[in-house]
Every structure is written in C-alpha cells, then in structure tokens.
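A.B. asks: Can you keep this structure in mind? I'll have questions shortly.
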Amino acid sequence: MMKKVFFLLLILASYFVADGQDIKPSPKQRQDIATLIDQYSIARETRDTILLKKILRAEVDQLVSNGEWRSGIGAAVEGMQKSTAGNPGSRTLIVDKIRLVSPECAIVDCRYEIANTNGDIRKMWSSFIVVAENNVWKIAAIRNMLPAAQ
C-alpha cells in the first residue's frame with residue numbers, strides 16, 4: 001500500500017513539475033504566429049477589413065494606448081479603421097518574444113512603431129494573445145502600451 005501511495009505522489013509531483021515548465025514553440029509555430037502578426041500589420045496598413053475579420057476571433061478585445069477598450073470583432077475592426085485613418089503613417093510590428101501558455105495559446109510581445117507623416121516615430125509595445133483554432137492561429141486579444149517616461 002505504501003508503495004502505491006508513493007508511486008501516486010511521484011506521478012502527481014512529476015505532473016506539476018512538468019506543467020510548470022515553459023513550453024517552447026516549435027519552428028512551425030513560431031513561423032505561423034509571426035505570419036499572423038505580419039498579416040495583422042498588413043491588414044491595418046491597407047485597411048483590409050476582410051483580412052482582419054479572417055485573423056481576429058469573433059470575441060477579440062483590444063486595449064489601445066489611449067485607454068479605449070474595443071470588445072468584439074465589430075468594435076475592434078471599426079476602431080482600427082478609425083485609428084489608422086486618424087493617425088496616418090507606416091506601422092511596423094516586430095515580434096520580440098513568443099511564449100506558449102499551452103500548445104494552442106501563446107502570448108506574443110512586439111515592438112510597435114508608427115512612423116508618422118512628419119517623420120516622428122511613435123514607439124510602443126503591443127502584446128497579442130493568440131489561439132490556434134483547427135491548427136490556424138487567430139488573434140484573441142491585443143494590448144497596446146506606451147513605454148513609461150524614463
């Protein structure tokens with residue numbers, strides 16, 4: 001009996017140790033997620049609402065740098081269109097880090113730069129929560145942040 005209890009505790013302990021480890025994305029996952037972020041950037045730049053609706057989950061939510069929350073795909077796409085029109089310039093998202101939470105969910109941290117038409121560059125951070133649905137990555141949440149003044 002004692003051996004069975006010890007064996008069960010050993011299995012439980014190994015599960016929790018393994019579960020607490022970072023899951024490293026495979027090269028294919030990294031490429032697929034980077035492609036998704038590139039598609040988002042292109043869709044924003046070209047105001048492609050069809051592509052946006054393809055890569056965003058229906059319940060997507062977004063917190064933008066001015067504190068506005070956009071909940072749902074309709075509000076997100078509309079807000080993105082208004083933001084792009086009201087803040088002209090070239091947008092660049094550079095994937096800095098991808099951390100898998102599970103094989104189907106990842107946090108993607110990006111450097112987000114907007115080169116304004118006057119030449120100024122607005123430097124921010126953007127974090128994406130992405131999920132795989134039927135082996136296709138989609139954006140579930142976006143958080144844009146301005147760095148604190150130093």
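A.B. asks: Considering each of I73, I139, I114, I94 in turn, give the residue that is open to solvent by less than 60 Å² (accessible area, probe 1.4 Å) and closer than 17 Å to Q31 by Cα.
C.D. replies: I139
A.B. asks: Could I ask something else about it? Tell me which residues, restricted to the stretch 49-82, are outside any loop (DSSP other than H, G, I, E, B), more than 12 Å from A140 (Cα to Cα) and among the hydroxyl-bearing types (S, T, Y).
C.D. replies: The one that is outside any loop (DSSP other than H, G, I, E, B), more than 12 Å from A140 (Cα to Cα) and among the hydroxyl-bearing types (S, T, Y): T49.
A.B. asks: Residues being in contact with a strand residue (DSSP E or B) (Cβ under 9 Å, 6 or more places away or on another chain), part of a loop (DSSP other than H, G, I, E, B) and more than 25 Å from E68 (Cβ to Cβ): count how many of those fall in the stretch 95-150.
C.D. replies: Number of matching residues: 2.
A.B. asks: Of all residues in the stretch 122-134 being open to solvent by 80 Å² or more (accessible area, probe 1.4 Å) and at pLDDT 90 or above, which is nearest to E59 (Cα to Cα)?
C.D. replies: Applying the filter and picking the extreme gives N134.
A.B. asks: Please state which one of L63, L52 is surrounded by 15 or more Cβ atoms within 10 Å (Cβ to Cβ) and without any contact (Cβ under 8 Å) to a residue 60 or more places away in the chain.
C.D. replies: Answer to the check: L52.
A.B. asks: Taking S83 as the residue in question, decide whether it is at pLDDT below 95, under 22 Å from L146 (Cβ atoms) and not hydrophobic (A, V, I, L, M, F, W, C).
C.D. replies: yes
The values are calculated or read from the model by the stated rules, or taken from the named source; none is laboratory data. In this text, all values refer to a predicted model and were calculated from it rather than measured experimentally. Every residue, glycine among them, receives a Cβ derived from its backbone with ideal geometry; neighbour counts consider all protein chains shown. Accessible surface is based on the protein model in full, side chains and every heavy atom, while ligands, DNA and RNA are left aside. Shrake-Rupley method; radii C 1.70, N 1.55, O 1.52, S 1.80 Å.
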